[in-house]
Amino acid sequence: MICQNCNKNVKKPLELYTGDWACPLCKKALSVSSIAVVVNRENDETFKLSELCYLRALKCQKDTKRYEKEIGMAIDNCRIAARMGNPKALIRLGYYYEYGYISADLLESFKIAYEYYKLVWNSMPEIAEKPDDPDYNDGCIKLRTAAAWHYLELLKKLPESFRRNGNLSYRDEKSKIKSKGISVPDDESAELAMEEDRVAHVLNVLQSCMSKEKSPLFGIMKLEKGDFEALCAVKDKSNKDDTPKLIRYAQKMLIVIFDMEDSSLQTIKRGEDLQNVSLNKTHYLYFFNEYGAHGISERKCAQIGKALKKGTGMTEYVPVKRIIEAMGKGGGQNDIIFSEDDVLMYRSRLEPFAHATGDLVNSVVNR
């Protein structure tokens, strides 16, 4: 992925808790949203040339050498037209990424396709020069509707790293699309499939900390009244005893339950600790996964954990409490899950990880 700011080829972007990506070199956002969607004769003709190459490629799929040449020309011309803002090219380029025509890992393919589709349905294209094509009539509503359809279909394949934070809700995104005057069909089955049981979601996030691939570093998840009791009731079926799954995870990472009503907290390590948490109240579960699969050393992870535990006097975890308070504002947010990338976003070569952690917390609170 090419950074539009420093023009470097980014092989491993910083994957932020917001769902956005950033360049690890210049720390600027990696996004196509800066492209102005516009129709003119030049970008329309470039896109038509791209489509011609694509159709030729489809006709010669058995001839591998010729196919690769034609599909390569199709993608190259599509990129040029997309950079010029042609809405058809933007949709097609998203399609190329979604269906693997362009070499990229699954997460990158999803992210780029998502960006291109959204850019088209969320924009009102400027018609600088109107080609003789009915697709460009009525503010390109036909193309914007097609982009919205591709976008919603893509959300059905939402990767786990996007699902953890709950930044993308099928129902919410569909409402945003409809607010733009775009008609899309209702799909209750898709909405229900993406609305995971709350307790199952919390356990899935904790389980993802055990991954040998990139795993969350720390996070905060809101537990509504009754959720904590339901969470404690889930037993670890891999063992013969009745140990709750929450305790199994607490033996492998730091888990702290916050009660913001009376400003209390309880570190969970063993079964009896669960008895010290007040029932039938709203809680926040904070976890710190120091020994998970991260791209930084355990020593640096420990520095981040120490910074988050920072307090004054008898009060610990002041930075965590600040994030929890921010989560409760503006309609509330249920989950914020961070990786080391979120800290690296705010770290320079000379800056310690503790200071970068403080900058991250400030950005979350002031967002």
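Annotations
- Contact order relative to length of the chain, as percent, for alpha carbon pairs under 8 angstrom and 6 or more apart: 14
- Rg and Dmax [Cα atoms of region 1-74; Å; Rg one decimal, Dmax integer]: 17.1, 44
- Sparse-neighbour loop sites [trypsin sites (Lys or Arg not before Pro); region 40-84; at most 11 other C-beta within 10 Å; DSSP]: Lys62
- Per residue, in Å², the accessible surface of the chain once ligands and nucleic acids are set aside, probe 1.4 Å: 52
- Mean separation of Cα contacts under 8 Å (6+ apart) over length of region 1-78, as relative contact order %: 19
- Share of Cα-Cα pairs in region 306-367 lying beyond 14 Å, as whole percent: 59
- Of Lys214/Lys240; Lys11/Lys214; Lys157/Lys212; Lys252/Lys281; Lys28/Lys176; Lys28/Lys222, pairs whose Cα-Cα distance is over 19 Å: Lys214/Lys240; Lys157/Lys212; Lys252/Lys281; Lys28/Lys176; Lys28/Lys222
- Cα gyration tensor category, rounded, prolate or oblate, for region 28-178 with a/c compared to 1.5: oblate
- Summarised in one figure, the compactness ratio Rg/Rh of region 215-277, Cα atoms and Kirkwood Rh, is 0.96.
- Across region 226-365, Cα pairs under 8 Å and at least six residues apart give a relative contact order of 16 percent.
- With loop membership from DSSP and a limit of 13 other Cβ atoms within 10 Å, the longest segment of the chain without GluC sites (Glu not before Pro) is 1-128.
- Measuring nothing but protein heavy atoms, the accessible surface of region 50-181 at 1.4 Å probe radius is 50 percent carbon and sulfur.
- Shape analysis of region 242-303 yields a ratio of the Cα radius of gyration to the Kirkwood radius, Rg/Rh, of 1.04.
- Low-density loop cleavage sites - chymotrypsin sites (Phe, Trp or Tyr not before Pro) in region 82-152, where at most 13 other Cβ are within 10 Å (DSSP): Tyr99
- Annotation: average projected area of region 264-367 is 8.1 square nanometres, based on the convex hull of Cα atoms across all directions.
- Mean ellipticity per residue at 222 nm, deg cm²/dmol - from DSSP H runs of n ≥ 4 across the chain, formula -39500 (n - 2.57): -14000 deg cm²/dmol
- Those trypsin sites (Lys or Arg not before Pro) in region 194-273 that DSSP places in a loop and that have at most 10 other beta carbons within 10 Å: Lys212, Lys237, Lys240, Arg270
- Solvent-accessible area, 1.4 Å probe, carbon plus sulfur percent, for region 273-322: 48
- Entry for region 59-115 at q = 0.15 Å⁻¹: log10 I(q)/I(0) = -0.45, Debye formula applied to identical alpha-carbon scatterers, no solvent contribution.
- Size of charge dipole - region 70-134 - debye, nearest 20, with Cβ of Lys, Arg +1 and Asp, Glu -1, no other charges: 140
- Relative counts (whole %) of C-alpha pair distances in region 191-301, using bins that are 5 Å wide: 2, 12, 21, 24, 19, 13, 8, 2, 0
- Computed over region 87-162, the range of Cα coordinates on each principal axis works out to 40, 21, 15 Å, biggest value leading.
- Listed residues Phe287, Tyr67, Val199: farthest to the positive end of the dipole of the chain (Cβ charges): Tyr67
- Ratio Rg/Rh, restricted to the chain and using Cα atoms, in which Rh is the Kirkwood radius: 1.03
- Given +1 at the Cβ of Lys and Arg, -1 at the Cβ of Asp and Glu and no other charges, the dipole of the chain around its Cα centre is 960 debye to the nearest 20.
The values are calculated or read from the model by the stated rules, or taken from the named source; none is laboratory data. Note that this is a predicted model, so its numbers are computed, not measured. As a convention, Cβ positions derive from the backbone with ideal geometry for all residues, glycine included, and neighbour counts pool all protein chains shown. What goes into the accessible areas is simple: the full protein's heavy atoms, side chains included, and nothing from ligands, DNA or RNA. Shrake-Rupley method; radii C 1.70, N 1.55, O 1.52, S 1.80 Å.
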